[in-house]
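Have a look at the structure below before the remarks.
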Amino acid sequence: MSTPDPFAAVAALPGLAEPGLRARAAVDRLAGLPALKLRGPEVVAVTALRGARASAALAGVDVSEDDLRSGSALSDPVAGSVARGAVRLSTEIGLVAPVWEKAPLQALARLHAVAAADVDVPPESLGRPATAEAAARLDVLADALTSPTRAPAIVVAAIVHAEVLTTEAFGPWSGLVARAAARCLLIQRGLDAGGVVAPEVGHVELGLTEYQIAAAGYSSGTAEGVASWVVHCARALEIGAGDALQVCLAHG
């Protein structure tokens, strides 16, 4: 009996192939650029900050890159906690990405702990799903992530993103964690091995309302809703890759 491959089942849904190929081509276009060879860490630092700003915006905290860079956006006791969490996650993604292959729940726990590090959260709650339902969904997700799949990284990352986001697995930090998790999967599965692309930038460009509508479509559980979410994520990745290209060109 063959082992079920839920990611491949999603990848086979109508309408996903072309957006996925476009997104992959946009990411592949970055390979070999002089800026990445000569100033790779500098470029990654810039795109990471752009991704952090975008992820905070999707969480309702819209601050400028300059204010993030200077630190002025991090001092507000309420909005600053979201911005600080997004920035911390942006620097942790590359470290957590390798953990996903064998211990996805541990990776998620780490992302939650990083996101909420300076907030008054009971220590026993850090890294733990907020509800029993979310915990059960993440257990199923972890089983799928540690099993072989024929699905492309774009699909796997989109599903992980949606599962954490729509179940509100980590309470108010779910969005930040979900977006960081998606980036980890793109790195770990080799699509964006250098961690250069910030899909969050694409999600912001597509609009918060469209992001929320696409997530609600996934949450509906219909084939059309799930497919629309993956297409939305592929479009965001393509835009994020284009943004990373502009950063590379600006850095010579």
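The values are calculated or read from the model by the stated rules, or taken from the named source; none is laboratory data. Computed from a predicted model, the values in this text were never measured in an experiment. Positions of Cβ are generated from backbone atoms using ideal geometry, with glycine treated the same way; all protein chains shown enter the neighbour counts. Note: areas computed on protein heavy atoms with side chains; ligands, DNA, RNA excluded. Shrake-Rupley method; radii C 1.70, N 1.55, O 1.52, S 1.80 Å.
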Quick one: in the stretch 142-153, which of the residues that are part of a helix (DSSP H, G or I), out of contact with any Phe, Trp or Tyr (no Cβ under 8 Å at 6 or more places or on another chain) and over 16 Å from A236 (Cβ atoms) is most open to solvent (accessible area, probe 1.4 Å)?
-> D143
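Just to verify a result, which residue in the stretch 61-113, among those that are among the hydrophobic types (A, V, I, L, M, F, W, C) and modelled with pLDDT under 90, is surrounded by the most Cβ atoms within 10 Å (Cβ to Cβ)?
A73
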Just one of V10, V27, V46 is outside any loop (DSSP other than H, G, I, E, B), modelled with pLDDT of 95 or more, crowded, with 17+ Cβ neighbours inside 10 Å and in contact with a His (Cβ under 9 Å, 6 or more places away or on another chain); which is it?
-> V46
Count of residues meeting criterion [of a type outside the set (V, I, T) and open to solvent by less than 10 Å² (accessible area, probe 1.4 Å)] in the stretch 154-169 | 5
How many residues are more than 15 Å from the chain's Cα centre (by Cα) and among the small types (G, A, S) when one looks only at the stretch 83-108?
-> 2
When you go through (1) open to solvent by less than 30 Å² (accessible area, probe 1.4 Å); (2) on the phi > 0 side of the Ramachandran plot one by one for G32, which number turns out not to apply?
-> (1)
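Hey, can you tell me all the residues within the stretch 170-204 that are assigned to a loop (DSSP other than H, G, I, E, B) and buried (at least 23 other Cβ atoms within 10 Å of the Cβ)?
F170, D192, V196, V197, A198
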Kindly provide the set of residues from the stretch 122-141 that are of a type in the set (A, V, I, L, M) and surrounded by fewer than 18 Cβ atoms within 10 Å (Cβ to Cβ), ordered by number.
-> A130, A132, A135, A136, V140
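For R137, are the conditions met, namely being closer than 18 Å to H112 by Cβ, in contact (Cβ under 8 Å) with a residue 12 or more places away in the chain and of a type in the set (D, E, K, R)? Working first, answer last.
Working: closer than 18 Å to H112 by Cβ: yes; in contact (Cβ under 8 Å) with a residue 12 or more places away in the chain: yes; of a type in the set (D, E, K, R): yes.
Spelling it out, R137 is indeed closer than 18 Å to H112 by Cβ, in contact (Cβ under 8 Å) with a residue 12 or more places away in the chain and of a type in the set (D, E, K, R).
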Does the stretch 69-86 include one or more residues that are in contact (Cβ under 8 Å) with a residue 12 or more places away in the chain and under 25 Å from V231 (Cα atoms)?
-> yes
Do we find that V96 is in a loop (DSSP other than H, G, I, E, B) and either out of contact with any Gly (no Cβ under 8 Å at 6 or more places or on another chain) or more than 26 Å from L138 (Cα to Cα) (or both) in this structure?
-> no
